[in-house]
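Enquirer: Before we start, here is the structure in question, set down as structure tokens.
The values are calculated or read from the model by the stated rules, or taken from the named source; none is laboratory data. Quick caveat, the model's predicted, so the values are computed rather than measured. Glycine gets a Cβ as well: all are built from the backbone with ideal geometry, and neighbour counts include every protein chain shown.
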Amino acid sequence: DVKVTQSSRYLVKRTGEKVFLECVQDMDHENMFWYRQDPGLGLRLIYFSYDVKMKEKGDIPEGYSVSREKKERFSLILESASTNQTSMYLCASSLWVGTAKMNTEAFFGQGTRLTVV
Amino acid sequence: DAKTTQPTSMDCAEGRAANLPCNHSTISGNEYVYWYRQIHSQGPQYIIHGLKNNETNEMASLIITEDRKSSTLILPHATLRDTAVYYCIVRVAYGQNFVFGPGTRLSVLP
């Protein structure tokens, strides 16, 4: 089974702190994603990466950066945490089947509920 | 990616089939229909996907109409653990992102 593991289930940080959210997948997937989920707003894409050291902005990248130094690991960084970044953060990964030119279904981690106080 | 429309909420009796509809009238020929669900406080879980043929796996069946403008996810024998928000998503095969709408909140009642 595909496993996407997020380093923390719950995190409490102070305003202005630098925050690292880590995600690891064990299925050699090319694509990795970071979403945030807020009540009434659904899941919104922050950043995604389709290869090591490659990244693309999603719908709401402001206030965030990402790092993908190894294929299995995708980190989300909040440079200076703010209270409006209190949210559930979800990491996902999916496979690129180059011969079929398609991306398969995405598999999600359990989520990190971040509270910024 | 095409937009989808789902009912906000549905109830289903435990042990009965749960039929969750999705409308995707603007779907194009190269777009797949995906279903995910999210149990409270967990990440979304992949259920099934299809292009035009009906699909079945150990979790559910997916029925896509001949004109592909709508589909139905069927949980054949719903249990209390199937209570979740169910998302219908339309996406091209080479598309990377999944766009989640508000989904249908399914409540399985004892």
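Enquirer: Quick test of your reading of the structure: B:Thr65 fulfils all but one of (1) within 14 Å of chain A (Cβ to nearest Cβ); (2) under 30 Å from A:Gly98 (Cα atoms). Name the failing condition by number.
Expert: (1)
Enquirer: Sticking with this one: Mind listing just one residue for me: the one in the range B:81-107 that is outside any loop (DSSP other than H, G, I, E, B) and farther than 14 Å from B:Arg37 by Cα and, of those, nearest to the chain's Cα centre (by Cα)?
Expert: That would be B:Val90.
Enquirer: Just for strands (runs of 3 or more DSSP E) wholly inside the range A:70-117: which have at least 3 residues that are within 10 Å of chain B (Cβ to nearest Cβ)? Talk me through it step by step, then tell me what you get.
Expert: Working: elements: A:73-78, A:87-94, A:112-116.
The strands (runs of 3 or more DSSP E) meeting that bar are A:87-94.
Enquirer: A further question follows. For the structure I just gave you, tell me whether B:Ser71 is touching a residue at least 12 places away in the same chain (Cβ under 8 Å) and either of a type in the set (Gly, Ala, Ser) or in a loop (DSSP other than H, G, I, E, B) (or both).
Expert: Details: touching a residue at least 12 places away in the same chain (Cβ under 8 Å): yes; either of a type in the set (Gly, Ala, Ser) or in a loop (DSSP other than H, G, I, E, B) (or both): yes.
Here the answer is yes, as B:Ser71 does meet what is asked.
Enquirer: Right, another one. Restricting to the range A:79-106, what's the tally of residues that are of a type in the set (Ser, Thr, Tyr), within 26 Å of A:Val52 (Cβ to Cβ) and in contact (Cβ under 8 Å) with a residue 12 or more places away in the chain? Give the derivation first.
Expert: Step one: list which residues in the range A:79-106 are of a type in the set (Ser, Thr, Tyr), which gives A:80, A:82-83, A:86-87, A:89, A:93-94, A:99, A:104.
Subset that is within 26 Å of A:Val52 (Cβ to Cβ): A:89, A:93-94, A:99, A:104.
Checking the rest, the ones that are also in contact (Cβ under 8 Å) with a residue 12 or more places away in the chain come to A:89, A:93-94.
Qualifying residue count, the range A:79-106: 3.
Enquirer: Test A:Tyr10 against the stated conditions and say whether it is among the aromatic types (Phe, Trp, Tyr), within 11 Å of chain B (Cβ to nearest Cβ) and either out of contact with any Asp or Glu (no Cβ under 6 Å at 6 or more places or on another chain) or closer than 19 Å to B:Gln38 by Cα (or both). Let's see the steps before the verdict.
Expert: Details: among the aromatic types (Phe, Trp, Tyr): yes; within 11 Å of chain B (Cβ to nearest Cβ): yes; either out of contact with any Asp or Glu (no Cβ under 6 Å at 6 or more places or on another chain) or closer than 19 Å to B:Gln38 by Cα (or both): yes.
Taking the combined requirement at face value, the residue satisfies it.
Enquirer: For B:Val108, indicate whether it is buried (at least 17 other Cβ atoms within 10 Å of the Cβ), in contact with a helix residue (DSSP H, G or I) (Cβ under 6 Å, 6 or more places away or on another chain) and β-branched (Val, Ile, Thr). Walk me through how you get there before you give the answer.
Expert: Details: buried (at least 17 other Cβ atoms within 10 Å of the Cβ): yes; in contact with a helix residue (DSSP H, G or I) (Cβ under 6 Å, 6 or more places away or on another chain): yes; β-branched (Val, Ile, Thr): yes.
When the stated conditions are applied, B:Val108 passes them.
Enquirer: Only one of these conditions is not met by A:Ser65: (1) farther than 19 Å from B:Val99 by Cα; (2) surrounded by fewer than 16 Cβ atoms within 10 Å (Cβ to Cβ); (3) within 12 Å of chain B (Cβ to nearest Cβ). Which number is it?
Expert: A:Ser65 satisfies all of (1) farther than 19 Å from B:Val99 by Cα; (2) surrounded by fewer than 16 Cβ atoms within 10 Å (Cβ to Cβ); (3) within 12 Å of chain B (Cβ to nearest Cβ) except (3).
Enquirer: State which residue pairs qualify: first residue within 17 Å of B:Ala60 (Cβ to Cβ) and within 14 Å of chain A (Cβ to nearest Cβ) and inside the range B:20-47, second residue assigned to a loop (DSSP other than H, G, I, E, B) and modelled with pLDDT of 90 or more in any location, beta carbons under 6 Å apart, and separation of 6 or more residues or different chains.
Expert: That search, which allows pairs on different chains as well, returns B:Tyr32/B:Leu51; B:Tyr36/B:Pro44; B:Gln38/B:Pro44; B:Ile47/B:Met59; B:Ile47/B:Ala60.
Enquirer: Taking strands (runs of 3 or more DSSP E) that do not extend beyond the range B:1-67, which have at least 2 residues that are modelled with pLDDT under 95? Spell out the reasoning first.
Expert: Values: elements: B:9-13, B:18-23, B:31-38, B:45-50, B:61-64.
Once the strands (runs of 3 or more DSSP E) in the range B:1-67 are filtered for at least 2 residues that are modelled with pLDDT under 95, what remains is B:31-38, B:45-50.
Enquirer: If you scan the range A:33-55, which residues turn out to be surrounded by 15 or more Cβ atoms within 10 Å (Cβ to Cβ) and either within 10 Å of chain B (Cβ to nearest Cβ) or on the phi > 0 side of the Ramachandran plot (or both)?
Expert: Of everything in the range A:33-55, those that are surrounded by 15 or more Cβ atoms within 10 Å (Cβ to Cβ) and either within 10 Å of chain B (Cβ to nearest Cβ) or on the phi > 0 side of the Ramachandran plot (or both) turn out to be A:Phe33, A:Tyr35, A:Gln37, A:Gly42, A:Leu43, A:Arg44, A:Leu45, A:Phe48, A:Ser49, A:Tyr50.
Enquirer: If I ask for residues that are away from chain A (no Cβ under 11 Å) and under 29 Å from A:Met88 (Cβ atoms), which ones from the range B:48-62 would you list?
Expert: Residues of the range B:48-62 that are away from chain A (no Cβ under 11 Å), as a first pass: B:50, B:52-62.
Listed by number, the residues that qualify are B:Gly50, B:Asn57, B:Glu58, B:Met59, B:Ala60, B:Leu62.
Enquirer: Oh, and also: Quick one: how many residues across the range A:13-30 are in contact with an Asp or Glu (Cβ under 9 Å, 6 or more places away or on another chain) and surrounded by fewer than 15 Cβ atoms within 10 Å (Cβ to Cβ)?
Expert: 4
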